[in-house]
Structure formats: structure tokens, C-alpha cells
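So the structure is just underneath, and the comments pick up after that.
We did not get these values from a lab; they are worked out from the coordinates using the rules stated. Not measured: the values here are computed from a predicted model. Cβ atoms come from the backbone with ideal geometry, glycine included; neighbour counts cover every protein chain shown.
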Amino acid sequence: MDAWSHPQNISEWLKRIVTLRPVVLVLLLSMGLIAELRFDWAEHMVGRYLVTTNAFRPESGAIWEKGHRSEDARQILEKIVTDKLAVQREAREAQNFTQISQALSRGIELIISADHFRHLYNELPPALAAELLSPYALVGIVSKNEWDRAFFEPGTSGFNIYLLNRDNRVLKQLTVSGDLLARMEHGETPRTDTLENLPQFANRIYSADRFFRALETVSEDVRRQGVPWPENLLKSPGRVLRVAISDEVLSGYIELGFEMEEPNQTRVILFQGRDWAVARIRAVLEGETFESPITF
């Protein structure tokens, strides 16, 4: 048995080292080290352990934080792309400028073709279309054969429109103010409804016969300024039952509602007439002696 005292010389040191237990220990350690270098068994064992305990460990540390930031950024980018695609799809399907405005309300720009813009322009009541852009100016732009698309940029209350060529050069810039947009929304959107359900017309509803008799007594200029696009009424397959006049003035315009009886429904078509002309028509209506305004 080896002595428990400290070795006194080199000979005793060598005897201690070459005994069976140190040799076996060195061999085992060497074999383990060689096996680790060859097969990476220690890394595999540690990895398996970490995998089994992963669900129970807190999500903390630099790697976790980096992963969280990457996932948040991916989700934000995915939402931006999804929103842009949705807005562009809405723009391609838009039938009037009101729907374009609704798509722009998300704060994302959009682009439509020149042909689509012309369709939207032609859907506007003539007076509003001319206020947005003179039809002579638009015909001039089209005739040059440079115009390729229209770019819409959301603004504070309305939006801006840029007519672009294929090289993205601006051919014309248009601004749709909040007031013009409000009149577009009123003038473009027929409603499946009746006049008494629209509060702005309360107690100012007249029979169609009475209204058109009053309209015949005023000048052509008053008629055109008060009911500026009567052609829209001829597009409906039905007939006018009643007409109502609002008492609210918006940027120099007063709203009129024409209730149309169609084969399967009743619709209200809204017009925007100049305030002075509508006031003149209403004065004639109120000054007539036959029947009072229809109220419900």
C-alpha cells in the first residue's frame, strides 16, 4: 500500500505516478477526450438536455431578445404588406372617388391606371368633375398619349392626385379638399332609403309635381345652378316621387334629395346645388298657395 506521507524524492514521485490507479485514470480521461473530439458526444448530451428543459426555462437573454425583435419586425412588415395589398385591391375595385377616399383612410398611397381614373372622373356629377379638373384639360392630357397612371396621396382632410407618365414625371397635380370630398360623397352615393329617414331633410319634403312646377318658374341659370346634373335622374329606371331640400350650407352648396321609385326598391339620389339658386327655388316653393310641404 502506498504511504500517506508526502513523497520525499523523485523516485517516490515516479512510483506514485506509475501505479495502476493513476494509469487507469489517465487512460480513461484520454479515451474520453479522444471520443469527444471524434464524436462530439458531450455537445450532444448537453444539447439533448437543453432541448428537454427548454420549455421550463425563462425567455431571457440577448438571443431571446433578438429573436423577439426579429419576430415583431416580421409581423409588422407582414401587416404593412397585407395592408398595402388590401388597399391596392380596394382601389382596383373602386367605382367612385368616395371608395378611393375610404381606401386612402388607412394612410397608404395607391396607384390606379389612367383608364380607371377616367372612369372615376366620368362617374362624377359634371359640376364636381369640372371643379376637380376641367374636362378640356383632361382631354388635352389624354391626347398627348403620355399619361400612364394616377398616384393618390392621403392628406390631412382630403387627398392629392398626381397624373404620371411611364417615367413617373408629374403631368398634373390635383388636390381634393375636405369640402370637395364631402360633396363628392354626398353627390356620388345613391341610397336605398326614403327621404323621411334622412334627418337633414326633416319638414322640407315636397311632392315631385310641386317641385318641378316651381322649377319651371325660375330662370334656366337658376335651374342649372340649383339642380346641376338632372341627367343623373334619367339614368334611373324609376320616377321621382318626392324632393327634399336641406337647410345646411356646405362651402356654398345646399343638398337636395330626389326620392326615386324603382321596380324593386326606393332610392334617394343626392344633389349639391349652389346655395343662392336653391334658396330661390325654395322661396318659390314656400310662396306657392297650393298644398304645404309633405311631412311625416
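Values for this structure:
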| quantity | calculated |
| --- | --- |
| Any pair with Cβ under 8 angstrom, 6 or more apart, that starts in segment 194-208 at a residue that is over 13 Å from GLU248 (Cα atoms) and ends at one that is polar (S, T, N, Q) | THR194/THR266; ASN203/THR295; ILE205/THR295 |
| Subset tally (residues that are of a type outside the set (A, V, I, L, M, F, W, C), in contact with a Lys or Arg (Cβ under 7 Å, 6 or more places away or on another chain) and within 20 Å of LEU215 (Cα to Cα)) for segment 253-262 | 2 |
| Candidates PRO199, PRO237 - the one that is of a type outside the set (Asp, Glu), under 30 Å from the mean Cα position of the chain (by Cα) and farther than 14 Å from PHE271 by Cα | PRO199 |
| Residues of segment 132-184 that turn out to be within 15 Å of LEU104 (Cα to Cα) and not in a helix (DSSP H, G or I), as a count | 16 |
| Segment 256-285 - residue that is among the acidic types (Asp, Glu) and in contact with a Leu (Cβ under 6 Å, 6 or more places away or on another chain) and, of those, surrounded by the fewest Cβ atoms within 10 Å (Cβ to Cβ) | GLU261 |
| Enumeration of residues in segment 116-135 that are aromatic (Phe, Trp, Tyr) and in contact (Cβ under 8 Å) with a residue 24 or more places away in the chain | PHE117 |
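Table: residues versus (1) closer than 24 Å to GLN272 by Cβ; (2) in a loop (DSSP other than H, G, I, E, B).
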{"residue": "ALA103", "(1), (2)": "yes, no"}
{"residue": "ILE108", "(1), (2)": "no, yes"}
{"residue": "ASP115", "(1), (2)": "no, no"}
{"residue": "TYR121", "(1), (2)": "yes, no"}
{"residue": "ALA130", "(1), (2)": "yes, no"}
